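See structure below.
The values are calculated or read from the model by the stated rules, or taken from the named source; none is laboratory data. Note that the structure is a prediction, hence the values are computed from the model and not measured. Cβ: placed from backbone, ideal geometry, glycine included. Neighbour counts: every protein chain shown.
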Amino acid sequence: QVETLKEKLLEQAQEISRLRSELGGTDAEKHRDLLAAENERLRQEMKALEGELQRQQQAPCRDCPHLQEKAELQEQLSQLQREAEETRARLVELDLEVQQKTNRLAEVELRLKDSLAERAEEEERLSRRLRDSQETIASLKSQPQQIKYIIKTVEVESAKVKQALCETQSRNQYLQEQVGMQKQVLKEMEQQLQSSQKTEAQLRAQIMMYEAELERAHGQMLEEMQAMEDEKNHAIEEAFSRAQVEMKAVHENLAGVRTNLLTLQPALRTLTHDYNSLKRQVRDFPLLLQETLRSARAEISQAIEEVHSTNRELLRKYRRELQLRKKCHNELVRLKGNIRVFGRVRPITKEDGEGPEAANAVTFDADDDAVLHLLHKGKQVSFELDKVFPPQASQEEVFQEVQALVTSCIDGYNVCIFAYGQTGAGKTYTMEGTAANPGINQRALQLLFSEVRGKAADWDYTITHSLGMGMITSAPLPRDLLGKEPQEKLEIKLCPDGSGQLYVPGLTEFRVQSVEDINKVFEFGHIKRVTECTNLNEHSSRSHALLIVTVRGLDRSTGLRTTGKLNLVDLAGSERVGRSGAEGSRLREAQHINKSLSALGDVIYALRSRQGHVPFRNSKLTYLLQDSLSGDSKTLMMVQVSPAEKNTSETLCSLKFAERVRSVELGPVSRKAELGSWPSQEHLEVLKTLLGDSPGSSAPAGRGHASPSPGHLSSRSASIRRKLHTSG
Ligand code: ADP
Ligand code: MG
């Protein structure tokens, strides 16, 4: 808007200057000049205003409450400017009119001048002719004739002149009239000019008014700007004060950091010092290291030399010790007897039922863990074995007593562990155990593993084991449990290597390398195990289960080779034929079992009493285990008994069997007793009768087997006999 206004003003100024040049220096012109000067001033003001406005526009005042007001004012301003423009347009029109009139006036004046000049010319011409005529007259007067004539002509001509003069005078008059008319027109035009000047003055007043309004608007605008400026300043001040506060906090922080820095500087100094000393050390280190290495090398080689000689010495001593140990062991075995008999009493179970039948018939001696008492038909019979495990004895406790035997297998001894007893007395529990609470079999293998691992630095060991069963006389050959055909009968043969050892060709041998292998093998064997029902026990096993573990060792330092065999035998039930209710083949089988068990008893008895002849060939089982039963071999008989009242007669039989195996003591006296033979089945029956097992007999029991005289019996056997006498 300002731009357009400016343009308009410029145009006006041009117009006015043009007008001025046309009209010359009249009063109106002076006035116009003044107006022009005024206009110029206004224009400059406008320019200043415009600058201000631009500055304002540049200054950010968004969201200003005055903005709307300003817009309104601007609207008003524009309206006013429009009006001013209109007025100016009218002024221009009027100016144009004035100019036209002035033009006409100039024209008229020009014409007037022309006519005046014409008239003057005419007058001059006429006066010249008059003068000429008068001269002519005078000359004529001097020349009377001629003059008369001339006068006459002049008089004639003078009339003409007079007529022409008249004409000229009339024309002059007309021209004067015309001039008067023209003057009137001029007057009128001046009047018109005056009126137009009046309008111009009015317009100027209007313009002034508008300008005043403009001024006011400008003032308002300035005020608003001031207010805005104030606001801005206020905001700036606030921001400044905030910034100052923040600055203060930053300064405080800085001060803290400075103090920190001050405290850190000494630390840095000490660190630098440390660093320098370390650097020195590092510089000196390679030399030091070399020196140390040299001395260390010398020391080490010296030490190695020493160790070598010590090693040689130790090896010599070790070999000597090994021999000594073997000798001592043999001596110990000789003293202890290499056949030991343990008893284990199982707890009363649900299967034993309730009532008097299931009552406990077994008691123990609080002071002697080798003694147990059986209440049989109102009489208390006491037995002494090498050790007795009460029902509460855990698998671990049992194994603890057995583990020395198991480990001697690593040293190259052959070991046999038998579980003997009637069906349901806990043989399988002791040997195999349950998955959660494994028995001797699994524990023995685990122990062997850990022992072998402990000696792995010096020894190479391989552990193999095979599982066989079915050594009952009706099916006298071992059946391989791990092989594909468990029912296949296998032969027992003498080892072709000339070692005199027996073996079963085709019996699967497994090399076991981890406990997992063992578990797998046991699971497999367990599934395949042949069991048949009898009415005594659903799971009565009518066969022997045999686990043979062979440990072969090689001492790397001495080149010594050892082979030890661990035979773990879960024997078939020892119950007597009559009780199991078996008939036909079952009966025969039961008889065979009893026969094989009594053959085993014979062998053990013969071995323990160191007889010259041991009847190994009387049963397949003893035949197979021959090498593990003779010589330096060790045998353990675990006699399992049930504590239930209803089983007392079987329990009695088992315990008698145990005691009989044990009763032959080592030493000079018992050695004489070795000459006797193991009692036959008939002898056993007789013995039982003597001990009061069969009705109608309560005679005091003597020794079941042939004993030369009481003087030949050991003191223990005598004590047992005493007990038997008192209980009898
Ligand atoms: P066997 O093999 O002599 O026929 P088992 O070992 O099968 O006898 O034992 C018969 C039952 O008695 C099994 O259920 C067994 O778990 C349990 N048993 C045997 N001995 C013990 C014991 N010491 N502790 C707990 N339960 C036993
Ligand atoms: Mg069993």
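Only one residue in 331, 357 is in contact with an Asp or Glu (Cβ under 7 Å, 6 or more places away or on another chain) and assigned to a helix (DSSP H, G or I). Which one? Only one candidate passes the filter, namely 357. Apart from one condition, residue 571 fits all of (1) of a type in the set (A, V, I, L, M); (2) modelled with pLDDT of 80 or more; (3) over 17 Å from residue 441 (Cα atoms); the exception is (3). For segment 86-101, the set of residues classified as surrounded by fewer than 18 Cβ atoms within 10 Å (Cβ to Cβ) and more than 16 Å from residue 202 (Cβ to Cβ) consists of 96, 99, 100, listed by residue number. Residue pairs whose Cβ atoms lie under 8 Å apart, sitting 6 or more positions apart in sequence or on different chains, and linking a residue in segment 423-438 that is aromatic (Phe, Trp, Tyr) to a partner that is more than 8 Å from ligand 1 (Cβ to nearest atom), are 429/439. Of all residues in segment 71-100, those that are hydrophobic (A, V, I, L, M, F, W, C) have Cβ atoms under 9 Å from Cβ atoms of residues that are outside any helix (DSSP H, G or I), 6 or more apart or on another chain, in 77/1. A single member of 538, 523 is more than 17 Å from residue 433 (Cα to Cα), modelled with pLDDT under 80 and acidic (Asp, Glu), and it is 538. Each residue in segment 429-450 was checked for being buried (at least 23 other Cβ atoms within 10 Å of the Cβ) and within 9 Å of ligand 2 (Cβ to nearest atom), and 1 pass. There is no residue in segment 144-151 that is surrounded by fewer than 12 Cβ atoms within 10 Å (Cβ to Cβ) and modelled with pLDDT of 75 or more.
Based on what the data block shows, is residue 395 buried (at least 22 other Cβ atoms within 10 Å of the Cβ) and either within 16 Å of ligand 2 (Cβ to nearest atom) or free of Cβ contacts under 8 Å to residues at least 60 places away in the same chain (or both)?
no
Within segment 394-423, restricting attention to residues that are assigned to a loop (DSSP other than H, G, I, E, B) and modelled with pLDDT of 90 or more, the residue that is nearest to the chain's Cα centre (by Cα) is 394.
Within segment 403-428, can you find the residues that are more than 16 Å from ligand 1 (Cβ to nearest atom) and small (Gly, Ala, Ser)?
If the condition is that a residue be more than 16 Å from ligand 1 (Cβ to nearest atom) and small (Gly, Ala, Ser), then 404, 408, 412 are the ones that fit.
Filter segment 165-183 down to the residues that are of a type in the set (S, T, N, Q) and out of contact with any helix residue (DSSP H, G or I) (no Cβ under 8 Å at 6 or more places or on another chain) and list them by number. Those that are of a type in the set (S, T, N, Q) and out of contact with any helix residue (DSSP H, G or I) (no Cβ under 8 Å at 6 or more places or on another chain): 169, 170, 173, 176.
Restricting segment 398-416 to residues that are among the polar types (S, T, N, Q) and touching a residue at least 12 places away in the same chain (Cβ under 8 Å), the residue that is nearest to residue 634 (Cα to Cα) is 414.
Out of 305, 321, 299, 351, one residue alone is out of contact with any helix residue (DSSP H, G or I) (no Cβ under 6 Å at 6 or more places or on another chain) and within 16 Å of ligand 2 (Cβ to nearest atom). It is 351. In this structure, residue 211 does not qualify as within 60 Å of the chain's Cα centre (by Cα) and at negative phi.
For segment 349-381, a residue qualifies if it is charged (D, E, K, R) and either within 24 Å of residue 398 (Cβ to Cβ) or touching a residue at least 60 places away in the same chain (Cβ under 8 Å) (or both), and the qualifying residues are 350, 351, 352, 357, 365, 367, 368, 369, 377, 379.
Looking at segment 151-167, is at least one residue out of contact with any Gly (no Cβ under 8 Å at 6 or more places or on another chain), among the small types (Gly, Ala, Ser) and under 30 Å from residue 89 (Cα atoms)?
Looking through segment 151-167, none of the residues is out of contact with any Gly (no Cβ under 8 Å at 6 or more places or on another chain), among the small types (Gly, Ala, Ser) and under 30 Å from residue 89 (Cα atoms).
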